[in-house]
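The values are calculated or read from the model by the stated rules, or taken from the named source; none is laboratory data. From a predicted model like this one, the values you see are computed outputs, not experimental measurements. With ideal geometry, Cβ positions are generated from the backbone for all residues, glycine too; neighbour counts draw on all protein chains shown.
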Amino acid sequence: MNSRQAPAAFWPSPSAWLLGAITATVGLLGACSSPPLIPFSTQGPPLVLVPAAQAGVSDERARFREIFCAVLEARKDEVEDYRPCDDAMTHLEGEPARTGRVVELGPSRRRLIALTVPGVGYECFEPWLQPPGTSKRHVQKFGYELELLKVDALSGSTKNARMIRDAVMSMPHQQGAAPRVVLVGYSKGTPDILDALATYPELQGRVAAMVSVAGAVGGSALANDATQDQANLLQHFPQAKCDAGDGGAVESLRPDVRKAWLAQNKLPAGLRYFSLVTLPQPERISLMLKPSWKKLAQIDARNDSQVIFYDQVIPGSSLMGYLNADHWAIAVPLNRSRPVISETLVTQNAFPREALVEAILRFVEESLSAP
């Protein structure tokens, strides 16, 4: 399935070069310069910032909140980093009233297969991170599958889109059966998936839905202030086995590139799209991510330290909700595997990730079953 399990990690003493590499690359903090993050330019398509409903986005926050809250309360003695639902999510004005419908918490009927596509550099620092794999084990208890889909850590979206296509097409598929694959994009993984779906029509009929989680749909202005050379430092991470790929990772995240891509490409209509946004309260930003949060706050303080909240929504998708977590907290389990870093630098990393993954899959399964 083009996925792999992380090997055992080695943790040397914290050093200036290691922490510098984390700061300069994974966070895309860029230089300490003062030019605008989005410089004046006449390049790119006409843009307009409008309410989500006017961009064809359906507001399904109420139902996702019901499902996530129900899962959190039902599993609070089973999962780590429990938070009350109102603390785990951010409430924005205008959220619809809750539906009151029953939340199914038993075995999955459709037995969805979630393939997650990670962000920049993940393949480089995954061995060092030593992810515990607890989300996979948790959702397996309910009949779901969760796998990591391998893409190039430092390549652009075009190359990674081909890798996504090949991985999905290599999976067993019963002709005529309802598709079970759900592609879940995190950060740059979202534009990688969008590129694959728009470029390879053969994926229709194989993929049931796509979920963007903290996705860089519209890019990140931080990429304007970063270079590929900074990202390439990740090749020197302890135990890193990644290579430079095609060197297009940072370019793929620049807002003008992403907006131009959205203007020029139409997503296939045969599957469902969902957007889950990270929009933390300022006190939920980890100490190490404060500088990048402040840089993006020059444009809009409603950001997760890497992406502004409105740039995380796929046009025409279902808006699932807003999580009170920074960009790393939902996907990079430093608080579980690297306590020294978590206690000193990545100070707001704890989040009930297992419950979140279960809630996402239950929400998608319910949505796919609706008329």
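Worth a mention:
- Identity of the residue in the range 118-160, crowded, with 19+ Cβ neighbours inside 10 Å and β-branched (Val, Ile, Thr), that ends up nearest to the chain's Cα centre (by Cα): Val120
- When Ala329, Ala359 are checked against the criterion of being over 18 Å from Pro107 (Cα atoms), of a type in the set (Gly, Ala, Ser) and modelled with pLDDT of 95 or more, a single residue qualifies: Ala329.
- Qualifying positions in the range 98-118 - of a type in the set (A, V, I, L, M, F, W, C), out of contact with any Cys (no Cβ under 9 Å at 6 or more places or on another chain) and part of a loop (DSSP other than H, G, I, E, B): Val102, Leu105, Leu112
- Selection within the range 232-253 - within 15 Å of Pro191 (Cβ to Cβ), surrounded by 21 or more Cβ atoms within 10 Å (Cβ to Cβ) and of a type outside the set (Ser, Thr, Tyr): Ala249, Val250, Leu253
- Any hit, the range 302-312, residues being in a helix (DSSP H, G or I), surrounded by 22 or more Cβ atoms within 10 Å (Cβ to Cβ) and among the aromatic types (Phe, Trp, Tyr): no
- Taking the criterion of being in a loop (DSSP other than H, G, I, E, B), touching a helix residue (DSSP H, G or I) at 6+ places or on another chain (Cβ under 6 Å) and among the hydroxyl-bearing types (Ser, Thr, Tyr), the residues of the range 194-240 that qualify are Tyr200, Ser220.
- For the range 76-117, the candidate set comprises residues that are of a type in the set (Asp, Glu) and exposed (fewer than 11 other Cβ atoms within 10 Å of the Cβ); within that set, the residue that is farthest from Met171 (Cα to Cα) is Glu93.
- For first residues located in the range 155-182 and under 15 Å from Gly205 (Cα atoms), partners that are small (Gly, Ala, Ser) and in a loop (DSSP other than H, G, I, E, B) and lie 6+ apart or on another chain with Cβ distances below 9 Å form the pairs Ala167/Ser3; His173/Gly205; Gln175/Gly205; Pro179/Gly205.
- Long-range neighbours under 9 Å by Cβ, at least six apart or interchain, first residue farther than 23 Å from Leu279 by Cα within the range 74-86, second in a loop (DSSP other than H, G, I, E, B) and β-branched (Val, Ile, Thr): Ala74/Val103
- Residue in the range 164-181 that is of a type outside the set (Phe, Trp, Tyr), part of a strand (DSSP E or B) and under 26 Å from Gly321 (Cβ atoms) present: yes
- Residue check, Ala329 surrounded by 20 or more Cβ atoms within 10 Å (Cβ to Cβ), on the phi < 0 side of the Ramachandran plot and touching a Phe, Trp or Tyr at 6+ places or on another chain (Cβ under 9 Å): yes
- Check on Ile299, over 17 Å from the mean Cα position of the chain (by Cα) and either under 19 Å from Arg65 (Cα atoms) or of a type in the set (A, V, I, L, M, F, W, C) (or both): yes
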